[in-house]
Amino acid sequence: HGPDSHAETWWSFFKFKLIHLLYDDVDGSIFGTVYKWSKKSTSVPFHPLGAPKIVVAFRGTVKTSVTLPRDVRLDLHILPNRLHTTTCFHSAFDAVKVNVHHHGVDNIWIAGHSLGAAIAMLAGRKMTEEEELVL
């Protein structure tokens, strides 16, 4: 997010619009985003078969003075399988859960890179265990 971000190129190319930012309650950084497919931003009047209507995406470790200390602490929670105990993960899971219940399990994709991939995979696993829904 911001002048150096290239994310808008990605989401606009695939005809998504940004609908929500997820902020880390510890350092205030954006750690995730929610995108919605927008037929208004495309000449295709229908939703492509198999494509998600919602994408919940989580970023990887960012090496800035603001984010690195928190991201390293989160990374270190992965080793002993404790990432699920962090407030960052709870916020991420809540975003996934709300969107699954609002839009349907078949309309959601979760994605992430590095640390974000760990969050995405853990959220998917927890949805399977607690909600009996497979993403």
Can we say F89 is surrounded by 17 or more Cβ atoms within 10 Å (Cβ to Cβ) and touching a residue at least 60 places away in the same chain (Cβ under 8 Å)? no
Long-range neighbours under 8 Å by Cβ, at least six apart or interchain, first residue under 12 Å from A57 (Cβ atoms) and surrounded by 13 or more Cβ atoms within 10 Å (Cβ to Cβ) within the range 1-16, second of a type outside the set (D, E, K, R) and modelled with pLDDT under 80: A7/H1; F16/S41
All-but-one check, A95 against (1) assigned to a loop (DSSP other than H, G, I, E, B); (2) among the hydrophobic types (A, V, I, L, M, F, W, C); (3) in contact with a His (Cβ under 8 Å, 6 or more places away or on another chain), failing number (1)
Unique residue being farther than 19 Å from L22 by Cα, exposed (fewer than 14 other Cβ atoms within 10 Å of the Cβ) and among the charged types (D, E, K, R) when the list is R82, R73: R82
Single residue of K53, K40 found to be of a type in the set (D, E, K, R), exposed (fewer than 13 other Cβ atoms within 10 Å of the Cβ), closer than 15 Å to F16 by Cα and modelled with pLDDT under 95: K40
Residues F31, F14: which one is aromatic (F, W, Y), under 17 Å from the mean Cα position of the chain (by Cα) and either modelled with pLDDT of 85 or more or at positive phi (or both)? F31
Condition (residue is under 11 Å from the mean Cα position of the chain (by Cα) and farther than 20 Å from E131 by Cα) applied to the range 34-47: is it met by at least one residue? yes
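The values are calculated or read from the model by the stated rules, or taken from the named source; none is laboratory data. Model, not experiment: these values are computed from the prediction. Don't worry about glycine lacking a Cβ; one is built from the backbone with ideal geometry, like all the others, and counts go over all protein chains shown.
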